[in-house]
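Student: Dropping a structure here in structure tokens format, bear with me for questions.
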Amino acid sequence: MYILTGFIIVIFAGLGYLDRKADKYFFYVEILILTVMLCLRYGQGTDYFGYEFNYSLIPNDMNIDFLFNNNVHGEVGYTLLVGIFRRYGLSFQIFVGILSLVMMWLTYNSIKNYSENKTMAIALLFPTYYLTFYYAIRQGFGLALTLGVILPSYIKDQKMKYFIWVCLGATMHKSVLILLIPLFCKEFIVRHKEFFIASSIILGGIIGILLKMTAFNRGYVQFSPSINAILLRVILFIAITRLYKFSLKEDKINYKIYNLYIVGFCIYMTLCSMAFISHRLTAYMKIGEVILVARLLSERSCTIEHIKSGFLLLKHHVCLLALFVCIIEGTKNIESYVGQGEYYEGIHFYNYPYVSVFNKKDIYEYRENLFFDKAKDIFEVEKR
């Protein structure tokens with residue numbers, strides 16, 4: 001199901017790149033498919049059952065004291081939202097469905113308003129942001145919020161609105177606070193990007209050496225670099241930077257998103273020796289590539305001189321690279337979910353199942369539920 005969806009997205013992106021009118025209609029179809037899959041999923045995502053167990057721990061009559069003093073995993077905004085759903089006796093599946101609907105609406109709205117090549121934006125969104133973060137609920141909501149309201153506020157220079165939305169997003173997942181850094185960095189980072197990039201690489205190397213030499217290990221703070229991930233990030237950065245050089249400099253949207261993208265790249269290179277932290281923290285700034293690449297690949301983003309030059313060939317190469325990344329990243333990520341999600345032997349990326357709320361019991365044919373014994377009264381009913 002997921003592999004089929006991925007191939008449809010890649011094909012639509014290729015066709016949409018060649019035909020602007022078809023791009024719009026393909027985009028609507030993709031959004032509909034992805035929204036239905038996200039809203040109706042069951043047991044999908046490595047933390048699904050953990051979130052469902054925590055959902056059951058929130059009392060139906062939650063008060064202020066419990067909201068700020070509890071041992072349930074989750075920030076205060078998320079806990080409050082769960083408490084509202086629990087007060088009205090709504091199930092976890094309804095909670096996930098409504099939250100997913102909001103996330104996809106934010107995503108749809110951002111791509112529709114800012115992306116010139118919408119199917120390409122979906123192709124860039126699908127393998128990592130959609131399959132990994134959107135299925136992770138809390139951080140997925142933070143990323144959708146970034147696309148839907150925080151990024152537009154940044155583009156429009158609405159600093160107070162940007163600050164408020166970042167703080168609100170942090171009540172769902174505190175990692176959203178990383179977006180306060182671009183607020184104070186200003187656009188000068190773009191003008192001096194060579195200095196900042198070189199500094200981040202040097203600092204990242206020093207941090208990596210210190211972690212390796214001291215064998216420091218505390219939670220996710222440990223020496224755990226992913227060479228493949230670093231290489232892919234660097235290749236994409238070079239490709240996007242090359243495209244940006246050909247873009248219209250007076251295009252404020254491209255300029256602002258590229259600014260955000262550079263900040264994220266510098267932070268990533270600084271923390272790249274810690275794979276989990278660097279990947280999770282910089283996702284909020286890297287997600288701008290979903291909009292930026294699609295805009296840079298559009299004909300409107302280049303001058304007549306550049307159209308006559310080798311820019312069109314560069315565009316084609318970057319388009320193929322983006323589609324290749326979608327396939328490779330999607331395959332790699334699904335294979336990692338199999339291991340992280342306690343799936344049984346024999347399940348791989350090519351037969352990774354999609355299970356919906358209409359066939360809940362089928363999930364137990366494919367994976368374990370490590371929280372089953374902790375909440376038998378809930379999971380026994382769903383297993384029938």
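The values are calculated or read from the model by the stated rules, or taken from the named source; none is laboratory data. In this text, all values refer to a predicted model and were calculated from it rather than measured experimentally. Methodologically, a virtual Cβ is constructed for each residue, glycine included, from the backbone with ideal geometry; neighbour enumeration extends over all protein chains shown. Ligands, DNA and RNA are excluded from the accessible area calculation, which covers all protein heavy atoms including side chains. Shrake-Rupley method; radii C 1.70, N 1.55, O 1.52, S 1.80 Å.
Student: Using alpha carbon coordinates only, what is the Rg to Rh ratio of the chain, with Rh defined as the Kirkwood radius?
Tutor: On the way: Rg = 21.3 Å, Rh = 22.0 Å.
Ratio of gyration radius to Kirkwood radius for the chain: 0.97.
Student: Also: For the range 155-214, restrict the atom set to alpha-carbon positions and state the Rg and Dmax in Å.
Tutor: Computed over the Cα atoms of the range 155-214, radius of gyration and Dmax are 15.5, 45 Å.
Student: Right, here's the next one. For the range 81-166, report the translational diffusion coefficient in µm²/s to the nearest whole number, using Stokes-Einstein at 25 °C, 0.890 mPa s, and a Kirkwood Rh over Cα pairs.
Tutor: Using the Kirkwood radius from Cα pairs, D works out to 176 µm²/s.
Student: Then there is this: What's the longest bit of the chain with no exposed GluC sites (Glu not before Pro), using DSSP loop states and at most 11 other Cβ atoms within 10 Å as the test?
Tutor: Working: sites that count: 250, 345.
That would be 1-249.
Student: So what is the diffusion coefficient of the range 125-260 in µm² per second by Stokes-Einstein at 4 °C and 1.567 mPa s, using a Kirkwood Rh over Cα pairs? Please list the in-between numbers first.
Tutor: On the way: Rh = 17.2 Å.
Answer from the Stokes-Einstein relation: 75 µm²/s.
Student: Please report, as a whole percent, how much of the solvent-accessible surface of the range 106-239 comes from carbon and sulfur atoms (probe radius 1.4 Å).
Tutor: Values: 4270 of 6030 Å².
Here it works out to 71 percent.
Student: Return one quarter of the surface area of the convex hull spanned by the alpha-carbon atoms of the range 2-47, equal to its mean projected area, in nm². Mind showing how you got there, number by number?
Tutor: Values: hull surface 14.2 nm².
Quarter of the Cα hull surface area: 3.6 nm².
Student: Hey, another quick one. Please build a GNM for the chain, connecting alpha carbons under 10 Å apart, and tell me which residue among 15, 179, 151 fluctuates the most.
Tutor: Of 15, 179, 151, the Gaussian network model singles out 15 as fluctuating most.
Student: Related question: Per residue, how much accessible area does the chain show when a 1.4 Å probe rolls over the protein heavy atoms, in square angstrom? Show your work: numbers first, answer last.
Tutor: Values: 17870 Å² over 384 residues.
That works out to 47 Å² per residue.
Student: Mind jotting down the distance between the C-alpha centroids of the range 121-170 and the range 1-45, whole Å?
Tutor: Cα centroid of the range 1-45 versus Cα centroid of the range 121-170: 19 Å apart.
Student: Please give the helix 2-18 orientation as an angle from the longest Cα principal axis of the chain, in degrees from 0 to 90, rounded to the nearest 10.
Tutor: Its long axis makes an angle of about 30 degrees.
Student: Same structure, new question: If all Cα-Cα distances of the range 4-147 are sorted into 5 Å bins from 0 onward, what percent lands in each bin, rounded to whole numbers?
Tutor: Result returned by the calculation: 2, 9, 19, 20, 16, 12, 9, 6, 4, 2, 1, 0.
Student: Here's another thing I want to ask about it. Tell me which chymotrypsin sites (Phe, Trp or Tyr not before Pro) from the range 152-253 have a DSSP coil assignment and no more than 14 other beta carbons within 10 Å of their own.
Tutor: Working: sites: 154, 162, 163, 165, 184, 188, 195, 196, 216, 220, 223, 237, 244, 246; in loops: 216, 220, 223.
Answer by residue number: 216, 220.
Student: Would you mind pulling out the separation of the Cα centroids of the range 250-282 and the range 176-248, in Å?
Tutor: A separation of 7 Å, based on Cα centres.
Student: Taking all pairs of distinct Cα atoms, average 1/r, flip it, and tell me the Kirkwood hydrodynamic radius of the range 197-280 in Å to one decimal place.
Tutor: Kirkwood hydrodynamic radius for the range 197-280: 13.9 Å.
Student: In degrees between 0 and 90, to the nearest 10, how far off the longest principal axis of the chain does helix 311-340 point, with axes built from Cα atoms?
Tutor: Computed tilt is about 20 degrees.
Student: Kindly provide the helix-only [θ] at 222 nm of the chain, computed as the sum of -39,500 (n - 2.57) over DSSP H runs of four or more divided by all residues, to the nearest 500 deg cm²/dmol?
Tutor: Values: 20 runs with 256 residues, N = 384.
Calculated mean residue ellipticity at 222 nm is -21000 deg cm²/dmol.
Student: Using Cα-Cα distances under 8 Å and only pairs 6 or more residues apart, what relative contact order does the range 126-206 have, in percent? Write down the numbers at each step before the final one.
Tutor: Numbers: 46 pairs, mean separation 16.2, N = 81.
Worked out over the range 126-206, it gives 20 percent.
Student: Once the Cα atoms of helix 252-271 and of the chain are each reduced to a long axis, what angle between those two axes, in degrees from 0 to 90 to the nearest 10, is obtained?
Tutor: Helix 252-271 sits roughly 70 degrees off the main axis of the chain.
Student: Moving to a separate point now. For the chain, give the magnitude of the charge dipole about the Cα centre (Cβ charges: +1 Lys/Arg, -1 Asp/Glu; no others), in debye to the nearest 20. Kindly include the intermediate steps, with their values, before the conclusion.
Tutor: Values: 38 positive and 28 negative charges, 226 e Å.
Around 1080 debye, computed over the chain.
Student: Related question: Say the cut-off is 26 Å between C-alpha atoms; which of 24/159; 112/156; 174/361; 161/245 go over it? Don't skip to the end; give the middle numbers.
Tutor: Working: 24/159 31 Å; 112/156 16 Å; 174/361 34 Å; 161/245 30 Å.
Listed pairs above 26 Å: 24/159; 174/361; 161/245.
Student: Now for a different question. What ranking do 2-13, 58-69 get when scored by the average of other Cβ atoms within 10 Å per residue, highest first? Walk me through the numbers before you get to the answer.
Tutor: Values: 2-13: 18.8, 58-69: 11.7.
With the highest mean Cβ count within 10 Å placed first, the list reads 2-13, 58-69.
Student: For the range 248-297, compute the orientation-averaged projected area of the C-alpha convex hull (one quarter of its surface), in nm². Each step should come with its number before you reach the end.
Tutor: Working: hull surface 13.7 nm².
For the range 248-297, averaging the hull's shadow over all directions gives 3.4 nm².
Student: Just need the relative contact order of the chain here, percent rounded to a whole number, with Cα pairs under 8 Å and 6+ apart. Show your work: numbers first, answer last.
Tutor: Values: 474 pairs, mean separation 90.4, N = 384.
Worked out over the chain, it gives 24 percent.
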